[in-house]
Amino acid sequence: MAHGVQVHRAWGLVRGSRQGSQLPAPLPTAVWNFPRTKEHHLPLQIGEMVHILQASEGKGDPRGHLPSRGCRRLWLLQGIFPASLIRLKGAAVEQRGVEESTPMVQEITTTLREWATIWKQLYVAGQTERYGQVKRMMQELMEQRSQLLSGTLPKDQLLRLRKEVTGKMDYGNKILALDLVVRDEDENILDPDRTSVISLFQAHRRAAQTLTQRIQEETVRTAPGRGTHGAASPSHNLYLCVRNFVCHIGEEAQLFMALYDPGEQRIISENYVIRWASTGVPQDIELLNNLKAVFTDLGSTDLKRERLFLVCQIIRVGRMDLRDSHSRKLSTGLRRPFGISGGRDQREKVFSPNCAFSRVAADGDFLHNMIRKVVEGKDINHKGQGLWVSLKMLWGDLSQVRKDHPHLVDRSTAVARKLGYPEVIMPGDVRNDIYLTLVQGEFDKGNKKTQKNVEVTVCVCDEAGNVMQNVIHAGAGDSPTSHYRSVVYYQQRHQRWMETLKIAVPIEDVHRTHLRFTFRHRSSSDSKDRSERIFSIAFVRLMRPDGTTLRDGEHDLVLYKGDSKKLEDASTYLSLPSERNVSEPKLLSGSSFRVSGATPGLAVSTRDSFQISTLVCSTKLTQNVNLLGLLKWRSKPSLLCGNLQKLMNVDGGEVIKFLQDTLDALFSIMMEHSETDVYDALVFDALVFIVGLVADRKFQHFNTVLEAYIRQHFSATLAYKKLLSVLTQYMEQAGRGEPCESLPRTFKALEYIFKFIVRSRHLFAQLYEGKEVAEFQRSLQRFFLTLNQLMASPLEAPLPQSHYVACMAAILSQMDKEHYSTYIQAFPSRPELMDFLMETFILFKDLIGKTVYPGDWMVMNMVQNREFLRAINHFAATLTEMFLHNSDFELQLWNNYFHLAVAFLTQDSLQLENFSPAKRNSILAKYGDMRATIGASIRDMWYSLGQRKIEFIPGMVGPILEMTLVPELELRKSTIPIFFDMMLCEHRLTGSFSRFEDEILRRLDSEVEGGRGDEQYMQLFKSILLSCCQSHPELAKPGEDFVRLVSELLERLLDYRAVMNDENKTYSMSCTVNLLNFYKEIDRQAMYIRYLYKLKDLHISYENYTEGAYTLLLHARLLTWSEESNAAPVPGPHSLQLHTQRQLKEALYNQIIEYFDQGKMWEEAIHICKELAEQYESHLFDYEMLSDILQREAKFYEKILKVLRPSPDYFAVGYYGQGFPTFLRNKVFIYRGKEYERREDFEMRLLSPFPNAEKLKSTSPPGQDITDSPGQYIQCFTVQPAEEAKVRLRGRSIPEQITNFYKSNHVQRFSYSRPFKRGPNDPDNEFANMWIERTTFRTAYPLPGILRWFVVTSTETIIISPLENAIETMMKTNEKIMSEINRHQNDPSLPINPLSMLLNGIVDPAVMGGFAKYEKAFFQEPYMQEHPEDAGNIEKLKDLIAWQVPGAASPWQGQLPPSVRCPSPCQGAPRVPVVPQIPLLAEGIRIHGQKVTEDLRPFHERMEQCFEQLRAKVESQYGAREMVSARGWAWGWHGWGGQLPPPPPGLARLRVAAGQPVQVWGSREQLAEATAGAGTG
């Protein structure tokens, strides 16, 4: 133990170094975790420094101490630990005290220590992302701490660094759920003693808002991947860089890249277009290696899509068919489909950089269908062809992306927007896009022999038919055009294009423009193609007659045909309908029809159809009539009132899209009507409506939009007058008690209303150089006076409650003792003062329970508690002075005080033991432990009650108990004696303290189950009350009994609580049984029943139906068959309907029967059925119910015989070591296994609650070194039921389905046999020295019962000699043979294999050794001479061997195992039991010979040969047993009038039909006795 000595001597150096010494000091530091397994151990964690007090030589441990990690005061944990767990590290203190002088550095140090603890927990919990985030922040803080300590930073950099540091600490505290820190402008922590409560409250609000905004910014700025940004950033972008495109086309190509959602089967973004030359490079050579695009406006909903693909549609531009030769002149410039390239998304929406390539299979396949095939298909062997791209997710809006990633996204990068609006539309984001999709069309071939090759040409025309130039965009990266030509599909009647393009028309031109679609057949021959003319036309206006834009969705357009010149004349077709009426059926006959009023030569083609789809994305054009009316209010001023009111009915999403325009319209209405107030209230309500929309979670991202509008775009200088006027008007209206429906909405929008007011006033002051200041101040003063009046009114105030509480706390903080005294004396009468105190106590209790402030506002909560505590103590003094003596006493007032004080003491914000050491020390240093103060006040107030105490018993027992359970030692010591005072008070008045005892037992149950109480409390309760009782002789004995009772209950409750939340409910059940047994012993029936039902619910949840039935049976046994009402409340939904004990008992019995049925315990269910049947038959005379119960009983009898019921295994389990809870420690239990459960599975289930437990390999009881060790050791082995056979089943022929049940149920004794060797070892004969140690365990209750296990109450061990073991083995073998014979005679269909193996193992010596092993071991002369006392057993063994072959008599002498019935009784004849198994082997081989198949016939013959040899050997060595037939005894049964005399010992009865011979085996003497006096028939 050299280490220990060195440490002891070195401790003086460490202490000296703290006083300024520069000597190197060895610091003892823990290098290994050391758990506390004994009371005197000192627990260590890696890295902790230890103060060594004493070192021991040899095997001893050094003694040391270290600062406590969980104590309120600076106590030291002392104890011993192995010296090998520490290392001495040299250290020299170079400089001390510098860091302590800087509050900022101190805060960083404290923060890092607090974070470090949580950081380790994050690692253990596997939260790797948050773990890495905290690690980075801690490293940054340490680096910044070093910069602060350097003292070399200039003042501006220092201030900037302080802001950055505090921001980082506040951000980290928030994400780690630590407390909010409030600071002043210089980033110093606010001192609550030097700051008013209102200022403190406002600082908390500002800090919370700033922190929320900072979290969003920090998330956007620092997060490395999508997971962090997805929630905070409303805008996401996908950056695309095309590396290469390899495809053997031979012509020019156009690549259309877009994002595709396979779930919705649609493209969700604009196309990014690349024009590719036939030479294999971009047509614009400057774009080589610079093909970049960014897909913008992707929102969080897009990132949540299940799958997202990047698809590329490849369109070649050239001739009709690539296979056409150049021998003739071909038409060129045709846009023909070529193929699809698609990139599958991986996890996290990361795209494959190499997109698969798919050729179009045939001309008949459309590109849109090909996309679906590529998306759903597997990887394609593209043979080196494909599209190589790089993809990257970028976060933030486009301007932010350009700022953050200038090397990726520059001015030349193409921008492809999402089809639709982004999640947030920022002010200034003006957009007026109409997306047009050519969906599909169907065209008749007309006079042509084949179907047409249709090409659709799209253009935008004005009212005169002039084509508007360059307003059509095929996609990003492509120049705008005036005409767009569709892809041409070869000879298809039904065409499906699904081509999307963007129409960008100036806003002022939208109302006079329309889309025109012309249709033309394209020929592969150039000469024919030139002669083709337009054969049809369609159009649609962009603006509807009511002024709204074209509605979104599909449009079925009317196709017109006629002269090609007429078709292109706008004046010809604009007056005609453009869309088909949905309600009209299509005309099927005729190729065309005249439109009434149409120009001659223009007709509608009904055989052709054409559909398009449009999507309007405009911040200036709306599809809502009501919103349009407001936006264009100047055009129809007379409708302004109606339009303002209709705004409330407009869909919120539509308003949000036009947020800036809507706000501009509202404030322009207000400004242009400044001389009148006609529209003020309507505009105000509309403004409140919009602010309410922004506050909705659905549109929460638009908060920043509204803030940006107020700062940058709002310009209404007179709006503040109007807004303030209407707001004050609403306040006055509500203050007068008049209905004001909009007031609650107004208060919710008050923040932004005032921001508009302040901004408007600021703009007005800038414009008019600060004029009308006095008028503005008067308006504000009037508003606040009105607000004060409203607050004073009895109406429920709509302001947040925290404002009022902060104001109240501020007032209380200004009051001293004189203020309180003056205030109390100001009440004119005593009843008014009492009412005030009563209401104040109720208010305080309500505020304490509701936690007005957020949980992380620690400072605000503590300041409020401090002021409440002062007020409560002042009011307590008033109670003792004015409401205590004689007639002045007010019971309810005192009761309210006690409940308030206890609620204050037990509130969560004061439970310091739940906080981190840093937070706990901070609270103690600033505010102290308020629980001790209020606890002392409660104690003093209680003792001041004098003779009035009895009035608070038992009412105050619960609150006082709740207070004493608070885990604070001094508080417990000072308040637990109140219990003795209650006992003494009640005892002196009534002679007992039964009411107190009942209440404390009842409340303890709920309090401990709720998480309160611990071992320390139990010991304190016991020691304090025992010492108090001993000082009062009249309470010594009853007090001691009471303390013992409570201690036992607490011990059981603590055990129960420790395991009740475990996943494995095994030990919860044990503790529940301990509790219900305890309540049964002390006659607390209500609590007993409560835990019975808890146990039942646990069993049923684990499908332990048998145990659940036995549990309910305990309750049923408490009830009588009477009409008395139920005494104790019964849990359950039907308990209210069961008023009498008879009703409840009947309901319980039916439930028990159902559970027994599910548990296959039909014998038990039958007993309950019989009891119910007795009630229905003899007491209630309810024969209908009797019929039902008898039918159920009959079904149970049938199930016993016909349903397979496996016998359960039983396991002995020992829990050794002091590491187990008391209810398991060093105890052995017998467990009942589940059906077909292997021991390995059982052990795994058993060990799961104790992962650190060690499994003992030996089955012997462990020694004291194991039982006294601090660890956990579990022993598990299989045991056998050891019950005697039921008396009524002995010697009778009963089916094994019946007897097997009693072998493994209702068992209380179990045995385990452990073989061991004794004496010289014989390698050729293991039986000679094979001894058996048989241990018999007796359980507390039979199994099954209310648990699947019971504790072992006694054990008995006996030693079985090898000879006795051999006898037992032979008896078991014979029993197995008989059982198999019985089974085969009962059921001839059984497989023969088990019988084959059993018989062969006995008759063939080569298999099991036969009887030779026993003969060699026990029948030799030397053994008989050495063991003359075994002569009787040797003869018995010989007899067993002899009787196993022909000639043998029964070896069981009347105690036979269950036998079988006659195999083939006559129909209707009575049946008499018989013993057909004797001789056993002969009968078994006979049955085997009857059932053996031809394949196994040689095996059977071999077995017969072995049997004959065995029989010859046995007869020669042990003599032959003569067999005779007992036919006559069985034949003459009718001679006694159907009654047979009882059979002799060793034989059972057999009932057969008259005239049917039956063979009965036995000795000559037995058969003679059996047939004596019987007729032979």
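The values are calculated or read from the model by the stated rules, or taken from the named source; none is laboratory data. Given the structure is predicted, the values throughout are model-derived calculations rather than measurements. Cβ coordinates were reconstructed from backbone atoms using ideal geometry, including for glycine residues, and neighbour counts include every protein chain displayed. Note: areas computed on protein heavy atoms with side chains; ligands, DNA, RNA excluded. Shrake-Rupley method; radii C 1.70, N 1.55, O 1.52, S 1.80 Å.
Numbers for the structure displayed
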| read-out | value |
| --- | --- |
| Rounded if a/c under 1.5, otherwise prolate or oblate - region 1252-1363, Cα gyration tensor axes | oblate |
| Region 1162-1212: C-alpha gyration tensor shape, a/c 1.5 cut-off, then a/b vs b/c | oblate |
| Accessible surface ranking that places the most exposed of Arg1497, Arg761 first, with a 1.4 angstrom probe | Arg1497, Arg761 |
| Residue pairs, from the table Lys168/Lys418; Lys1022/Lys1096; Lys163/Lys392; Lys1096/Lys1303; Lys155/Lys392; Lys1080/Lys1227, whose Cα atoms sit over 29 Å apart | Lys168/Lys418; Lys1022/Lys1096; Lys163/Lys392; Lys155/Lys392 |
| Stretchable slack from Gln1490 to Gln947, in nm (0.36 nm times residue separation minus alpha-carbon distance) | 185.8 nm |
| Calculated on alpha-carbon atoms, Rg and Dmax of region 249-339 in Å | 16.7, 57 |
| Cα shape, region 142-221, gyration tensor, a/c 1.5 rule | oblate |
| Sequence of Trp894, Trp388, Trp857 from largest to smallest accessible area, 1.4 Å probe | Trp388, Trp857, Trp894 |
| Pair Glu1356, Ser1023: separation of 7 Å Cα→Cβ label points (nm) | 4.6 |
| Ser1101 accessible area, 1.4 Å probe, all protein chains in place, Å² to nearest 10 | 80 |
| Per DSSP, loop GluC sites (Glu not before Pro) in region 406-485 with at most 14 further Cβ within 10 Å | Glu463 |
| Pairwise FRET efficiency - Glu772 versus Leu843, Cβ, R0 = 60 Å, nearest 0.05 | 0.90 |
| Straight-distance crosslink candidates among lysines, where the alpha carbon sits under 19 Å from Lys445 and sequence neighbours closer than 8 are dropped | Lys528, Lys561, Lys586 |
| Förster-model FRET efficiency, 41 Å R0, Gln202 and His885, C-beta, rounded to 0.05 | 0.35 |
| Under Karplus coefficients 6.51, -1.76 and 1.60, residue-wise ³J(HN,Hα) of region 468-476 in Hz, glycine/proline x | 7, 7, 6, 10, 10, 10, 6, x, 5 |
| R0 of 35 Å, Cβ-Cβ distance Asp1041-Gln78: FRET efficiency to nearest 0.05 | 0.40 |
| Per-residue SASA entry for Met671, accessible area with 1.4 Å probe, Å² rounded to 10 | 60 |
| Too-long pairs where the Cα-Cα distance tops 24 Å, listed order kept, from Lys1145/Lys1170; Lys646/Lys748; Lys1037/Lys1094; Lys135/Lys174; Lys174/Lys919 | Lys1037/Lys1094 |
| Rg(Cα)/(2.2 N^0.38 Å) for region 810-853, N = residue count | 1.35 |
| Net lengthening on full extension, Glu1421/Ala925 (0.36 nm per residue, minus Cα-Cα) | 169.2 nm |
| Approximate spin-label separation Gln54-Thr1259, in nm, with each point projected 7 Å along Cα-to-Cβ | 4.8 |
| Spacing of the two label points (7 Å from each Cα toward its C-beta) at Ile1082 and Asn1064, in nm | 3.0 |
| Whole-number Å³ per residue for the convex hull built on Cα positions in region 708-863 | 187 |
| Added length on full extension, which subtracts the Cα-Cα distance from 0.36 nm per residue, Lys1170 to Leu989 | 59.9 nm |
| Local net charge near Tyr1155, Cβ-Cβ under 13 Å (Lys/Arg +1, Asp/Glu -1) | -4 |
| Accessible surface of Trp115 - all protein chains present, 1.4 Å probe, nearest 10 Å² | 0 |
